[in-house]
Amino acid sequence: MKVQKSISVIVFMILIAGSITVAAEAEDIRIVVPYLGYVNNIYENANFPEALDDSDLMKGLYFQWINPKRYQWNTFLYQSSDINYSSLWGGHFIFDLYLGVRERGKYVIGTGIEYIRLDMDAGNNFSPPFTDFQLVNNIVVPYLRAGRYFLFGSDTLSVSVLPWAGIQPQWVKGEISYTAGPPIPKKIDEYDLYGIAGINASVSIFHFITVDAKYRGTFNADDYFSSVDSMVNVFFTRHWGLSYRFKYSETSSGSTAYHIGGIAFVF
């Protein structure tokens, strides 16, 4: 039920963005990429008997709709079937509205939500005395941000830089069950409010090669978590190309890193 609710929120936001973009303009760009690659997950929890570190195959699907003068929105859904004795599901939805668009810059107000679910059945694989260990962990992270794009270059070589800042609440909920071992809380119910700030940079060469790099800091009085993203797209025609993505992110529950690649279609 929790998975369905979280997926429903993402789908609802996609429908809202879709209703805004029904009347596509000629300059609109739409990109879809199925991805396949490698993911590493480190899971840590104060109520957990030990930290876990595992890697597995990752599947993903990315879609982005861009209108350079008005908005962009994108969604990314991903899944890994057997990592840390778990099935891992995740997804994000991001919507950015552009204001004050000029030749050398524009303002952006953005919102988004990310959802991660770790459904674990470790059986008797943990150190004694924990046996028949199971855990369900749900992380829901909405955010609101604002910033300004600085645009440089020409159609041949263009560069954009976006410093931004915002706020981000985070809910971590879950449930633990086992048949032996010392008593620990059976419910996970945590809430935190973070500040967020980052910088995005993008380089485009003849519109056929694009390189994106992003850094994000998530922080409050007690914690600081980093996230690093990069993407390289190389297009061989107006519609087809290859895409590579890397991401490393830290959360209160550990860290995740992936390398994935896919065939990009632009229309």
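The values are calculated or read from the model by the stated rules, or taken from the named source; none is laboratory data. On a predicted model such as this, the values are computed, not experimentally measured, just so you know. Every residue, glycine as well, gets a Cβ built from its backbone with ideal geometry; the counts of neighbours run over all protein chains shown.
Tell me, yes or no, whether the stretch 62-71 has at least one residue that is surrounded by fewer than 16 Cβ atoms within 10 Å (Cβ to Cβ), charged (D, E, K, R) and more than 22 Å from R117 (Cβ to Cβ).
yes
Being surrounded by 16 or more Cβ atoms within 10 Å (Cβ to Cβ), touching a Ser or Thr at 6+ places or on another chain (Cβ under 6 Å), among the basic types (K, R) and part of a strand (DSSP E or B) narrows it down to one of R245, R216, so name that one. Full working, then the answer.
Numbers: R245 fails: touching a Ser or Thr at 6+ places or on another chain (Cβ under 6 Å).
Answer to the check: R216.
Is it the case that some residue within the stretch 93-114 is modelled with pLDDT under 95, in contact with a helix residue (DSSP H, G or I) (Cβ under 9 Å, 6 or more places away or on another chain) and of a type in the set (K, R)?
no
Among the residues of the stretch 80-96, how many are among the aromatic types (F, W, Y), in a strand (DSSP E or B) and under 23 Å from Q134 (Cβ atoms)? Reasoning before the result, please.
Within the stretch 80-96, the subset among the aromatic types (F, W, Y) is 85, 89, 93, 95.
Applying the additional criterion that residues be in a strand (DSSP E or B) yields 89, 93, 95.
Filter once more, so that each one left must be under 23 Å from Q134 (Cβ atoms): 89.
Residues that pass the stated criteria total 1.
Run Y71 past the list (1) at pLDDT below 95; (2) among the aromatic types (F, W, Y); (3) touching a helix residue (DSSP H, G or I) at 6+ places or on another chain (Cβ under 9 Å) and report the number of the one that doesn't hold.
Single failed check for Y71: (1).
Exactly one condition in (1) modelled with pLDDT under 95; (2) farther than 26 Å from N84 by Cβ; (3) not polar (S, T, N, Q) is false for G174; which is it?
(2)
Check whether at least one residue in the stretch 186-202 is within 15 Å of the chain's Cα centre (by Cα), hydroxyl-bearing (S, T, Y), modelled with pLDDT of 95 or more and more than 22 Å from I83 (Cβ to Cβ), and report yes or no.
We begin by selecting, within the stretch 186-202, every residue within 15 Å of the chain's Cα centre (by Cα); these are 196, 198, 200.
Next cut, hydroxyl-bearing (S, T, Y) only: none.
Within the stretch 186-202 (the criterion being within 15 Å of the chain's Cα centre (by Cα), hydroxyl-bearing (S, T, Y), modelled with pLDDT of 95 or more and more than 22 Å from I83 (Cβ to Cβ)), the answer is no, since none of the residues qualifies.
Hey, Q168 hits all of (1) in contact (Cβ under 8 Å) with a residue 40 or more places away in the chain; (2) surrounded by fewer than 19 Cβ atoms within 10 Å (Cβ to Cβ) but one; which does it fall short on?
Failing condition for Q168: (2).
Can you pull out every residue in the stretch 87-96 that is more than 28 Å from K69 (Cβ to Cβ) and free of Cβ contacts under 8 Å to residues at least 40 places away in the same chain?
Of the stretch 87-96, the ones more than 28 Å from K69 (Cβ to Cβ) are 87-90.
Passing the criteria: S87, G90.
Got a sec? Which of A257, A221 is part of a loop (DSSP other than H, G, I, E, B) and either within 29 Å of V33 (Cα to Cα) or over 20 Å from the mean Cα position of the chain (by Cα) (or both)? Quick ask: steps written out before the conclusion?
Values: A257 fails: part of a loop (DSSP other than H, G, I, E, B).
Criteria check complete, one pass: A221.
Being over 16 Å from D96 (Cβ atoms) and either modelled with pLDDT of 95 or more or in contact with a His (Cβ under 7 Å, 6 or more places away or on another chain) (or both): is that true of V159 here? Steps first, answer last, please.
On the way: over 16 Å from D96 (Cβ atoms): yes; either modelled with pLDDT of 95 or more or in contact with a His (Cβ under 7 Å, 6 or more places away or on another chain) (or both): yes.
Yes; evaluated as a whole, the condition is true for this residue.
Specify which of the listed residues (L77, L36, L99, L61) is closer than 29 Å to L162 by Cα, without any contact (Cβ under 8 Å) to a residue 12 or more places away in the chain, assigned to a strand (DSSP E or B) and among the aliphatic types (A, V, I, L, M). Step through it out loud before you land on a result.
Values: L77 fails: without any contact (Cβ under 8 Å) to a residue 12 or more places away in the chain; L36 fails: without any contact (Cβ under 8 Å) to a residue 12 or more places away in the chain; L61 fails: without any contact (Cβ under 8 Å) to a residue 12 or more places away in the chain.
Answer to the check: L99.
Here are Y191, Y149: which of them is among the aromatic types (F, W, Y), in a strand (DSSP E or B) and surrounded by fewer than 16 Cβ atoms within 10 Å (Cβ to Cβ)?
Details: Y149 fails: surrounded by fewer than 16 Cβ atoms within 10 Å (Cβ to Cβ).
One residue alone meets the criteria, Y191.
Show the residue pairs that are 6+ apart or on different chains and have beta-carbon atoms under 9 Å apart, the first residue being within the stretch 230-241 and among the aliphatic types (A, V, I, L, M), the second being not in a strand (DSSP E or B).
Close Cβ pairs (under 9 Å, with a partner that is not in a strand (DSSP E or B)) amount to V234/F208.
Restricting to the stretch 130-146, give me the number of residues that are part of a strand (DSSP E or B), out of contact with any Leu (no Cβ under 6 Å at 6 or more places or on another chain) and surrounded by 17 or more Cβ atoms within 10 Å (Cβ to Cβ). Don't jump to the end; show me each part of the working.
Quick first cut of the stretch 130-146, residues part of a strand (DSSP E or B) only: 131, 133-146.
Retained after the next criterion (residues that are out of contact with any Leu (no Cβ under 6 Å at 6 or more places or on another chain)): 131, 133-136, 138-146.
With surrounded by 17 or more Cβ atoms within 10 Å (Cβ to Cβ) added as a condition, the list becomes 133, 135-136, 138-143, 145.
Of the residues in the stretch 130-146, 10 are part of a strand (DSSP E or B), out of contact with any Leu (no Cβ under 6 Å at 6 or more places or on another chain) and surrounded by 17 or more Cβ atoms within 10 Å (Cβ to Cβ).
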